[in-house]
Structures are given as structure tokens and as C-alpha cells.
Amino acid sequence: MMLVLMSVAVSLVSCIITHWIYRWRNPKCNGNLPPGRDNLVSAEGFMHKYLRNLVMNLVGNETMRTKLIPKVEKTICKNLQRWCGQASIELKDAVAKMEFGFGAKILLSYSESKSSKSLRQAYADFQHGLISFPLNLPGTAYRKCLQGRKKAVGIIKSILEERRATPETRKERDFLDLVIEEMKKKGSLMTEETAVDLLFILVFAAFETTSTALTLAVKNVGEHPKVLEELAKEHEAILRNRKNTDQSGITWQEYKSMTFTHMVINETVRLANIVPGIFRKVLKDVEIKGYTIPAGWIVMVCPPAVHMDPKQYDDPFVFNPWRWQGQELNSGSQTFMGFGGGARLCAGAEFSKLQMTVFSSLFGHKIQVESDQGWRYHQNSSCYVSKWLPHSNIGEEYDPRRCRSNLIKGNSVKFFYCQY
């Protein structure tokens, strides 16, 4: 009797699974379905616009111009100086740590050194299994990913609850203050769950993609001395053209004038293809080359297919910032999708470009990169060597009290940081 019941149960489960798979692979459609499979869906249109507008209060042009650019420059300089005190660094990890610290601070006023719980470690666990087989068993990367997310969400939620329980007038507001204000509004769409999810995504977005792009930028510039030379020339020209000799930081006007640096960033992002796929939901049936893409399906746009297309870019696998000369250096277009595109262009695209541009500019002016031929220096107020030097002569030609050398493991790049 027991065997009969078990057989019936197994048959029933098999039928349900088979029916589900059939419905999944054969959604309703009035036309001819193309080959392919369905996938997951994320944000809705109106809610996306609402959240995007909220985020733009943090990383919009006016905020970047008046508040963020000096903070970005200060953070980068501080970290460059700290790296110089170390025998060696893992560049990707060091840049990610810098970006995470800065992003968590402007979003949550979170400091890893002042917290008993490690938010960065929680994100590291989450990232480790982000793209893994969805097998939720102990010891799997997927389980670690879920646990990392749960821990990170828990930390963010506790920060939110603490801030709401002890409201105080803060000298410097962060994004969390803006979120709490939004939650207090009558009829607001911002619930606690939405707020925590938004903050979780923003913290992750603030450090992961930018740190990868910056690491690749260092590698690419280090392998192309002419690019480094052009970066240095552009930054030195900015310094010479300053009317106020006491000015210490990069201004918004100077940032916008860094044409070649922007070209380097665009070329780095084009080659990096940090986000290999962009997912979009089909809102209504679309006819393409005789096939019908039905409403409700998810379409994956593949930026590398465009970025590496020789029809769009000459020698697409070559790092060549000059290919952008005379072109509009937009964050997104039909042939450049490093930050997405259209109405769903990454809200933080310009902020990411700001960070990468400031880093690259300081890198070109203060950092000297080793090549196969030797070291090349350019003039600033602390270090000057006017020729290529063989490795054996390095110690004879620079002042170690002013310039310290460091090796970036894994990228074959050695650099000097020269203080003003």
C-alpha cells in the first residue's frame, strides 16, 4: 500500500514539474516564438523612476560639483599615500577597499574601523557566489552568497533602525538621511524593506564595478607609456592654467576639461566589459526579423558583442584612447554600453566616471609606471628625471625621501607616488 502511495506521489510531482517546464518554455504568444528561454525579472517602470530620482539627489551633477569632487580627490590622495607605506599591495583589493569605504560613508556614514560588524566581509561572501549554481546546501558558493546578503542586509537594517530611533541634527547629511525623510512622507512608496534593498544595492554598486575598471585602467596605462605621458601633460596644463596659485583641489571646470582623461576612461570601460549582460523586460510584443519577442520575456543585451565589433571599432582589442578623439564622450549610446543605456542608464554612471577620471588624472601626474625599457618620470614639484633609465640606475636617480616605490602584484606594474 505504501509503495502505491509513493508511486502516485512521485507521478503527481513529475506531472507538475513537466507542466511547469512546458509553460516556462512555451509562454503565450500571438506570433512565432524565437528559440530561447525565459529568465528572471527585476524592477518595474514607475518604481524605477522614483528610485532613480532619489538616487540622483546623491550623485547628480550639482551634488558632484559642490560636494563630492573634493571628497573624491581627498580620498584618492589619502589612499595613494597609505599604499606607499606598504611593501606591496594587491591593486584590485586595495582599490575596492577604498571605493567601499567611500561609498559606505556617503550612503550610510558607515566606517569599518568603528563598527563591530564587517559589512565589507558580508559583501565579499555575497559576491563570491553571486554567479554560481543555485544549490542551497552547506558549503556551496550559493549558500555563502545568500548568507552574505542576509548578513549585509541585517547590518544595514540595524543602521537604519538606529538612525530612526535616535534622530539628531547631523552636520553632514548622508543618503540614509534622505531615505528616512522619504519614509516619513505621507503615502510614500519608500517602505523599510525597499529602503534596505536600495541601500544594499547601492553599496555594492558603489565599489565593485568602479574598482575593477580602475584596476584595468592602471594596467592599460602602465603598458602604454604614451598614454601616461599624455595624462601627465593634461594634468600639468591644468595646474599651469590655474589663476589661483593657492588652489589645492580639482574644480568642476577642470574635471570637465580633462578631455584625454575621459577618453582613457571610455576606452578602459569599453575593453573591460565589466557587465557582460544587460537584462531588459519586453513590455509588449516586438517583431524582429520575422520573430516575435513576446511581452513579459527578458532580453539580454550583450555589450561585448558591440564593443568588440570591428564594424564599430577599428582594432577593437587594442587599447587606444585616441579612437575617442572628436567623439561625444557620453555614458551610453548604441555603440557604447559600458554603463547601460536609454532610460535605464546607470544612475551612478557620471559619478563612476568622476571617480575614475580624478584617479586617472592623479595617477598620470603623481604615479610613475615601470615599463620594459625602464622608468619614465615627468616634472612636478618633487620629482624630475628627464630620460628613460635602466632598472639598475633607479636608485641613483631619485630621492627616496620623497618618492617611494611599490609593486602592484598580479599586474606587473610598479609605481612611485610623488608628493607635492
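The values are calculated or read from the model by the stated rules, or taken from the named source; none is laboratory data. Note that the coordinates shown come from a computational prediction; the quantities given were computed from them, not determined experimentally. Backbone-built Cβ (ideal geometry, glycine too); neighbour counts: all protein chains shown. What goes into the accessible areas is simple: the full protein's heavy atoms, side chains included, and nothing from ligands, DNA or RNA. Shrake-Rupley method; radii C 1.70, N 1.55, O 1.52, S 1.80 Å.
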Check: Taking a 26 Å limit on the Cα-Cα distance, which of the listed pairs Lys144/Lys284; Lys67/Lys117; Lys226/Lys353; Lys105/Lys150; Lys71/Lys256 fall beyond it?
Finding: Lys144/Lys284; Lys67/Lys117
Next item on the list: Would you work out the charge dipole size for the stretch 188-267 about its Cα centre, treating the Cβ of every Lys and Arg as +1 and the Cβ of every Asp and Glu as -1, and quote it to the nearest 20 debye?
Entry: 500
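Take the solvent-accessible surface of the protein heavy atoms, probe 1.4 Å, and return the percent of it on the stretch 258-323 that carbon and sulfur atoms account for.
Ligands and nucleic acids excluded, carbon and sulfur give 62 percent.
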Notebook entry, point to check: Listed highest first by mean packing, meaning other Cβ atoms within 10 Å per residue, what order do 219-227, 57-65 come in?
Noted result: 219-227, 57-65
Checklist line | Test item: Cα-centred dipole of the stretch 123-203, Lys/Arg +1 and Asp/Glu -1 on Cβ, debye | finding: 160
Notebook entry, point to check: By a straight-distance test (C-alpha under 20 Å), which lysines pair with Lys281 as possible cross-link partners, with residues fewer than eight away in the same chain excluded?
Noted result: Lys28, Lys49, Lys289
